[in-house]
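Down below is the structure, laid out as structure tokens.
The values are calculated or read from the model by the stated rules, or taken from the named source; none is laboratory data. Note that this is a predicted model, so its numbers are computed, not measured. Here the Cβ positions follow ideal geometry from the backbone for every residue, glycine too, while neighbour counts run over all protein chains shown.
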């Protein structure tokens, strides 16, 4: 394993733990740690950005440039994930099974559209 991949693995794991723990702390009212959870989640997200920057530098790659295509793909991905999540919540939490299934399937279709939109279709 290359040093750059190992460093990305370690930093990615640490940032993921900070982010996940922060979200649990912020979103579970039983824990009573909303502010600390927001701080921990923000630290996790910052570490994720640092991980990507450090890995790209160690690999000798150019910094990430944000294009309209990348921004649009990101927004479409977030929208699809939200639709899928809303569908799951409607089905599992609010007992609206049919509506939840329909919205969830729409979310899956939106997420599947990302592949041909961003990568294109090739022979």
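Out of 57, 61, report the one residue that is in a helix (DSSP H, G or I) and more than 19 Å from the chain's Cα centre (by Cα).
Working: 61 fails: in a helix (DSSP H, G or I).
On inspection, the qualifying residue turns out to be 57.
Using beta carbons and a limit of 8 Å, which pairs, at least six apart or on different chains, have the first residue in region 102-122 and more than 15 Å from residue 88 (Cα to Cα) and the second one modelled with pLDDT under 90 and not in a loop (DSSP other than H, G, I, E, B)?
Filtered contacts from region 102-122: 118/69.
When region 54-67 is examined, which residues are found to be surrounded by fewer than 13 Cβ atoms within 10 Å (Cβ to Cβ) and either in contact (Cβ under 8 Å) with a residue 12 or more places away in the chain or closer than 16 Å to residue 8 by Cα (or both)?
Going residue by residue through region 54-67, those that are surrounded by fewer than 13 Cβ atoms within 10 Å (Cβ to Cβ) are 57, 59-67.
Of everything in region 54-67, those that are surrounded by fewer than 13 Cβ atoms within 10 Å (Cβ to Cβ) and either in contact (Cβ under 8 Å) with a residue 12 or more places away in the chain or closer than 16 Å to residue 8 by Cα (or both) turn out to be 57, 59, 60, 61, 63, 64.
Test residue 90 against the stated conditions and say whether it is surrounded by 13 or more Cβ atoms within 10 Å (Cβ to Cβ), free of Cβ contacts under 8 Å to residues at least 60 places away in the same chain, under 28 Å from residue 112 (Cβ atoms) and touching a helix residue (DSSP H, G or I) at 6+ places or on another chain (Cβ under 7 Å).
Values: surrounded by 13 or more Cβ atoms within 10 Å (Cβ to Cβ): yes; free of Cβ contacts under 8 Å to residues at least 60 places away in the same chain: yes; under 28 Å from residue 112 (Cβ atoms): yes; touching a helix residue (DSSP H, G or I) at 6+ places or on another chain (Cβ under 7 Å): yes.
Judged against the criteria, residue 90 is a match.
On the basis of being in contact (Cβ under 8 Å) with a residue 40 or more places away in the chain, touching a helix residue (DSSP H, G or I) at 6+ places or on another chain (Cβ under 6 Å), assigned to a helix (DSSP H, G or I) and assigned by TED's automatic domain parsing to the domain that holds residue 112, does residue 80 make the cut?
Against the criterion (in contact (Cβ under 8 Å) with a residue 40 or more places away in the chain, touching a helix residue (DSSP H, G or I) at 6+ places or on another chain (Cβ under 6 Å), assigned to a helix (DSSP H, G or I) and assigned by TED's automatic domain parsing to the domain that holds residue 112), residue 80 does not qualify.
Would you tally the residues in region 31-53 being more than 13 Å from residue 11 (Cα to Cα) and touching a helix residue (DSSP H, G or I) at 6+ places or on another chain (Cβ under 6 Å)? Walk me through it before giving the result.
Filtering region 31-53 for residues more than 13 Å from residue 11 (Cα to Cα) gives 31-42.
Subset that is touching a helix residue (DSSP H, G or I) at 6+ places or on another chain (Cβ under 6 Å): 31, 33-34, 36-38, 40-41.
Here the count works out to 8.
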